[in-house]
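Colleague: Here's a structure for you.
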Amino acid sequence: MHTVAVLSLKGGVGKTTVALGIASAAMRRGIRTLVADLDPQGNATASLDPPYTDATLADVLENPHRSVLASAIGVSTWSEDVDVLVGSEDLEALNEPGPDEQRLTSLSRALDELDEAPPRGRPYDLVILDCPPSLGRLTKSALVAADSAILVTEPTMYAVAGAQRALEAIETIRDEHNQELRAVGVLVNRLRPRSHEHQFRIAELRESFGALVMPTAIPDRLAIQQAQGACSPIHEWHSPGAQEVALTFNMVLAKILRSTRAGRHRMDPEPETEAETTGPIEAIRTDARG
């Protein structure tokens, strides 16, 4: 079971879009996936649309026992291979920093319980942690529990500062709590390839972070909002823009699976595609929309 945290310390950059896109790519490959919605806004839960549960992730963090976990996990409308550890507004009360450092391990202990006794006897291959856009207790808990982390940003003037703070947070958690945690990369979202401003900001990110900036970028396509509004995985939304985005998420998932940190179980990566090896940020030149 490999656990990846999807984080950004700046709101509105499409962090949940990335978490859902990775889940969609995993579903396409038949990878059993759990999405844990740590964001009090609950957007990932709304898009995955599980049935009502008797408990939520807030209850799990307060009491990470198997019975509570079982009551907080629902099957998404996407597929029986994609489950949701349901988020709620109650998580906001748990996001404030506190003196009890042991609370940072609650999520990790909960995931260990899931690994030992998975729901319906079907173990998860991949756990995606959709973090809130702040460095509070929830994001720190996710980094303590994760094997790897993806930093999501937009190609704007604030991109470098936000990515730098997120990377520093990863390094701090690795030094103090989780020595195996590693950054998979900085993922640029909402790219408009013909925008000179966007290309300038990507160059700025590469100057600061080098190879950590992922060669894949998520293009700015209306299909993403359309699929989320319909509670549909992007891989099942049929439009040229959706197909382009889906291909990009396939490559992001492959990058995660090639992570040197194997997690609790090792999964074999998908072979690289030609588009990935040539650098999709430069390769995305299509005018496809919608």
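The values are calculated or read from the model by the stated rules, or taken from the named source; none is laboratory data. None of these values were measured; they are calculated from a predicted model. Here the Cβ positions follow ideal geometry from the backbone for every residue, glycine too, while neighbour counts run over all protein chains shown. For accessibility, only protein heavy atoms count, side chains too; no ligands or nucleic acids. Shrake-Rupley method; radii C 1.70, N 1.55, O 1.52, S 1.80 Å.
Colleague: Could you please tell me the mean projected area of the C-alpha convex hull for the range 107-214, averaged over all directions and given in square nanometres to one decimal?
Modeller: 7.9
Colleague: Rank-order 252-258, 207-213 by packing density, defined as the average count of other C-beta atoms within 10 Å over each peptide's residues, highest first.
Modeller: The densest-packed peptide leads the list: 252-258, 207-213.
Colleague: Once each part is reduced to its C-alpha centroid, what is the distance from the range 104-180 to the range 17-31 in angstrom?
Modeller: 17
Colleague: Cα convex hull of the range 1-56: how many Å³ per residue?
Modeller: Each residue corresponds to 102 Å³ of Cα convex hull volume.
Colleague: Oh, and also: Give me the net charge of Arg201's neighbourhood, meaning all other residues with Cβ under 12 Å from the Cβ of Arg201; Lys, Arg count +1, Asp, Glu -1.
Modeller: -1
Colleague: Leaving out ligands, DNA and RNA but keeping every protein chain, what accessible area does Glu197 have, in Å² rounded to the nearest 10, with a 1.4 Å probe?
Modeller: We get 90 Å² for Glu197.
Colleague: In whole percent, what relative contact order does the chain give with Cα contacts below 8 Å and a gap of six or more residues?
Modeller: On the way: 600 pairs, mean separation 67.8, N = 290.
Taking the mean separation of contacting Cα pairs over the length of the chain, I get 23 percent.
Colleague: What is the P(r) of the chain, as percent of Cα-Cα pairs per 10 Å bin from 0?
Modeller: Histogramming the chain at 10 Å steps yields 7, 31, 38, 20, 4, 0 percent.
Colleague: Also: Largest first, what is the accessible-area ranking of Asp175, Asp147 with a 1.4 Å probe?
Modeller: If we order Asp175, Asp147 from most to least accessible, we get Asp175, Asp147.
Colleague: What does DSSP give for the chain in terms of the percent of beta bridges that are antiparallel, rounded to the nearest 5?
Modeller: Here the antiparallel bridges make up roughly 10 percent for the chain.
Colleague: At 1.4 Å probe radius, can you tell me the per residue accessible area of the chain in Å²?
Modeller: Each residue of the chain exposes 42 Å² on average to a 1.4 Å probe.
Colleague: To two decimal places, what compactness ratio does the range 46-184 give when its Cα radius of gyration is scaled by 2.2 N^0.38 Å?
Modeller: Details: Rg = 15.5 Å, N = 139, 2.2 N^0.38 = 14.3 Å.
That ratio works out to 1.08.
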